[in-house]
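Reading through the structure tokens given below for one structure.
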């Protein structure tokens, strides 16, 4: 009983809950293909967990072994010749999971679900990816996670044509799993990518052959990492993304995506299969994400 009352006191004293403009604590499942893809969502996730009192879990589809091509500097960090295929494929799955968790600690990821599908090689062919992966296992596991956890939102990467086939496949499988849930228990599905300030960003309607990915015309939501806060407004949310990226030391191309004060805007497309019923909840959530600031 004493522990119960102590928990209540800690919650009431926590400034996260005191300043959240929402009347609930958002619960999100983030589904990605590779161990560094979550950087795309990093600022929105950080605000959700740190300032809105929310929960974010991450489901990772691949084992990340295909990243050996970009591990030249990682050789010196880990003392292994990771950019040699046989070495990288043997060691990167373990290394990149640790990097993912370190980056997740920055933004407050709660749980990780590892699917360990092979990160075989780069391809834009989603069908090839779906043929090589154990799709029934993946869909069943995603369904089980969603059924148990009852998420408010499902975050995925935007599966546009020119994108990596693994990214597209992860989104296709997540949506298939979501559609197996009763309609009243489904999270609101959002597909995300980033755009540069002053640019419209990626144009998207749906991934050909996969109608579940179709987005609702004109319904998008954004969080601008360039939003400032702190003393003299000298800080912004690109700092969070850079901290996450810095944890992925085995991945050279990921480090090249780090920005200073001129960063990206996280853009979320509302998936049409949600129906119109979830638009208001999503709008309120993003209003809160954009409004709440660190003390």
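The values are calculated or read from the model by the stated rules, or taken from the named source; none is laboratory data. Nothing here was measured: the structure is a model prediction, and the numbers come from that model. Virtual Cβ from ideal backbone geometry, glycine too; neighbours counted across all protein chains shown.
Among the residues of segment 92-99, is there at least one that is exposed (fewer than 15 other Cβ atoms within 10 Å of the Cβ) and either farther than 21 Å from residue 223 by Cβ or touching a residue at least 12 places away in the same chain (Cβ under 8 Å) (or both)?
yes
Yes/no matrix, rows are residues, columns are (1) part of a strand (DSSP E or B); (2) over 15 Å from the mean Cα position of the chain (by Cα); (3) free of Cβ contacts under 8 Å to residues at least 24 places away in the same chain; (4) farther than 22 Å from residue 289 by Cβ:
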site: 156; (1), (2), (3), (4): yes, no, no, no
site: 160; (1), (2), (3), (4): no, yes, no, yes
site: 163; (1), (2), (3), (4): no, yes, no, yes
site: 170; (1), (2), (3), (4): no, no, no, yes
site: 177; (1), (2), (3), (4): no, yes, no, yes
site: 181; (1), (2), (3), (4): no, yes, no, yes
site: 189; (1), (2), (3), (4): yes, no, no, no
site: 193; (1), (2), (3), (4): yes, no, no, no
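Would you check if residue 263 is surrounded by fewer than 17 Cβ atoms within 10 Å (Cβ to Cβ), modelled with pLDDT under 95 and under 29 Å from residue 124 (Cα atoms)? Before you say what the answer is, go through the steps one by one.
Values: surrounded by fewer than 17 Cβ atoms within 10 Å (Cβ to Cβ): no; modelled with pLDDT under 95: yes; under 29 Å from residue 124 (Cα atoms): yes.
When the stated conditions are applied, residue 263 does not pass them.
A quick yes/no check of all residues on (1) surrounded by fewer than 21 Cβ atoms within 10 Å (Cβ to Cβ); (2) without any contact (Cβ under 8 Å) to a residue 24 or more places away in the chain:
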{"site": "228", "(1), (2)": "yes, yes"}
{"site": "235", "(1), (2)": "yes, yes"}
{"site": "239", "(1), (2)": "yes, yes"}
{"site": "243", "(1), (2)": "yes, no"}
{"site": "248", "(1), (2)": "no, no"}
{"site": "269", "(1), (2)": "no, no"}
{"site": "290", "(1), (2)": "yes, no"}
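On the basis of being touching a residue at least 12 places away in the same chain (Cβ under 8 Å), part of a loop (DSSP other than H, G, I, E, B) and on the phi < 0 side of the Ramachandran plot, does residue 60 make the cut?
no
Looking at segment 121-154, which of the residues that are assigned to a loop (DSSP other than H, G, I, E, B) and touching a strand residue (DSSP E or B) at 6+ places or on another chain (Cβ under 9 Å) is surrounded by the fewest Cβ atoms within 10 Å (Cβ to Cβ)?
150
Within segment 45-57, take every residue that is out of contact with any strand residue (DSSP E or B) (no Cβ under 6 Å at 6 or more places or on another chain) and not in a helix (DSSP H, G or I) and give me the one that is farthest from residue 229 (Cα to Cα).
54
Could you check segment 67-89 and list, in sequence order, the residues that are over 23 Å from residue 258 (Cα atoms) and free of Cβ contacts under 8 Å to residues at least 12 places away in the same chain?
79, 80, 81, 86
Would you mind finding the one in 64, 7, 79 that is farther than 24 Å from residue 285 by Cβ and at pLDDT below 95?
7
Which residue, of 206, 217, 199, is modelled with pLDDT under 95, more than 14 Å from residue 40 (Cα to Cα) and either touching a helix residue (DSSP H, G or I) at 6+ places or on another chain (Cβ under 6 Å) or surrounded by fewer than 22 Cβ atoms within 10 Å (Cβ to Cβ) (or both)?
Result: 199 is the single residue among 206, 217, 199 that is modelled with pLDDT under 95, more than 14 Å from residue 40 (Cα to Cα) and either touching a helix residue (DSSP H, G or I) at 6+ places or on another chain (Cβ under 6 Å) or surrounded by fewer than 22 Cβ atoms within 10 Å (Cβ to Cβ) (or both).
Residue 22 fails exactly one of the following numbered conditions: (1) within 27 Å of residue 113 (Cβ to Cβ); (2) modelled with pLDDT of 95 or more; (3) assigned to a helix (DSSP H, G or I). What is the number of that condition?
Condition (3) is where residue 22 drops out.
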